[in-house]
Amino acid sequence: MAVEAFLIAHIRIRIWEFLSYVQNLAAACLKNGVSIRTSTRLESFEVLPNQRGFRVTISSKGVSSVITSRALILCAGGFANNPELIRRYVPNLNFKYSDSRGTGEVLQRAIEAGVQVENMDAVECIPEGSILSKYSARLYAMAPGTVFINEDGERFVDEAATRKTISEALIKQGAKRCWTIVDIRSVKRLDKSQQKNLYRAYFAGQVWKNDTLETLCKDINVPFEKVKASFEQVDPRHRPSVAPFWAVRMYPWIHYTLGGISINEQAECLNKFGIPIPGLYAAGQITGSVHGENRLGGNGLTDAFTFGRIAGKNAARWIKEN
């Protein structure tokens with residue numbers, strides 16, 4: 001089977017996304033006769049001689065097939081849910097969980113095909129509290145009004161720092177237990193669904209609450225005097241001070257991987273010599289050139305849409321001119 005252009009994509013659909021941009025993009029694909037294949041795995045791809053395109057092997061329901069294409073766009077997400085790659089590139093991370101579905105398989109195939117990668121050791125961890133919890137008790141994104149402490153009672157990072165800084169600090173804690181501590185004012189700022197999950201986790205014994213900071217420290221087995229000293233490092237206006245106090249265990253969830261395929265401003269994939277590979281493009285989290293080592297919140301979608309459009313236009317132009 002031969003086609004002009006082939007897109008390898010992994011789409012994680014949440015309900016609000018489906019009702020907006022995913023729905024519109026899917027409708028546009030169907031209107032233009034694009035074949036969408038779900039539950040299909042990329043087995044391998046290779047660059048054909050003399051810039052003649054690509055040979056892509058895919059499998060679906062145990063049946064393999066080969067597609068040849070003049071242009072190829074890789075947009076299959078990151079590798080946050082690939083323990084093997086995480087251990088290889090971020091060996092100091094006490095990896096336990098990721099909220100991403102990016103398995104990095106397409107990225108691995110691209111590396112095997114000779115594509116250059118960069119920033120592979122840069123991962124974005126969020127200090128999530130629900131790794132071992134049935135309910136998602138999330139308190140990390142509430143600075144000011146939040147204090148991060150480790151099991152020694154020490155505050156180990158500025159809670160309002162960039163995600164890069166918080167990630168690095170959390171990774172450095174290794175196997176140490178870490179906690180997010182807030183007071184009732186911060187809890188009241190949560191939306192209703194978040195408050196519901198927090199209280200459900202509390203009644204399930206997975207979150208701690210007490211009327212004094214000292215008794216809360218006893219509950220989570222951290223030294224009160226150390227915690228008290230850590231609190232004094234925080235601006236009094238932003239310090240948790242109104243009872244009851246809450247504590248949620250922090251785990252370094254891998255939320256986003258910043259490393260991946262090296263691309264240029266035309267979304268062209270680069271080889272190991274920094275030279276564009278004709279007809280090969282990439283967009284989204286599978287790339288490693290856009291955000292550097294720190295991604296601003298919300299920019300993942302902007303990145304995917306912007307470079308996805310650039311890649312699509314350039315792939316079409318490449319086919320037309322070659």
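Read the figures in this text as sums done on the coordinates, not as results from a lab. For clarity, every value in this text was computed on a predicted model and none was experimentally measured. Using ideal geometry, Cβ is built from the backbone for each residue, glycine included, and neighbour counts are taken over all protein chains shown.
Would you report the distance distribution of C-alpha pairs in region 174-308 as whole percents per 10 angstrom bin, up to the bin with the largest distance?
Percent of pairs per bin, in order: 10, 28, 21, 18, 15, 8, 0.
Calculate, in nm to one decimal, what ASP121 and ARG55 gain on full extension: separation in residues at 0.36 nm each, minus their alpha carbon distance.
Extra length available between ASP121 and ARG55 comes to 20.8 nm.
Want the number for ASP158 to VAL63: 0.36 nm per residue separation, take away the alpha-carbon distance, what's left?
Using 0.36 nm per residue and subtracting the Cα-Cα distance, I get 29.0 nm.
Cα centroid distance between region 185-233 and region 62-80, in Å?
When both Cα centres are located, 46 Å separates them.
Give the Cα extents of the chain along the principal axes, in whole Å, largest first.
Answer, in whole Å and largest first: 71, 40, 36 Å.
Rounded to the nearest 500, what is the chain's calculated 222 nm mean residue ellipticity when only DSSP H runs of at least 4 contribute -39500 (n - 2.57) each, over all residues?
-8000 deg cm²/dmol
Check which residues have an amide H placed less than 5 Å from CYS125's amide H, if you skip close sequence neighbours.
Under 5 Å from the amide H of CYS125: SER167, HIS255.
With label points built 7 Å along Cα→Cβ from the Cα atoms of ASN271 and THR212, find their separation and express it in nm.
7.1
So in the chain, what percent of DSSP beta bridges are antiparallel if you round to the nearest 5?
Bridges in the chain that DSSP calls antiparallel: roughly 75 percent.
Taking all pairs of distinct Cα atoms, average 1/r, flip it, and tell me the Kirkwood hydrodynamic radius of region 237-292 in Å to one decimal place.
This gives a value of 14.6 Å.
Tell me the trypsin sites (Lys or Arg not before Pro) within region 140-192 that lie in a loop according to DSSP and have at most 16 other beta-carbon atoms within 10 Å.
Listed in order of number, the matching sites are LYS176, ARG177, ARG189.
At 0.36 nm per residue, and after removing the present C-alpha to C-alpha distance, how many nm does the segment from SER193 to THR38 gain when stretched out fully?
52.6 nm
For a quick check: with amide H placed at 1.01 Å from N, whose amide H comes under 5 Å from ALA80's, ignoring anything fewer than 5 positions away on the same chain?
GLY102, THR257
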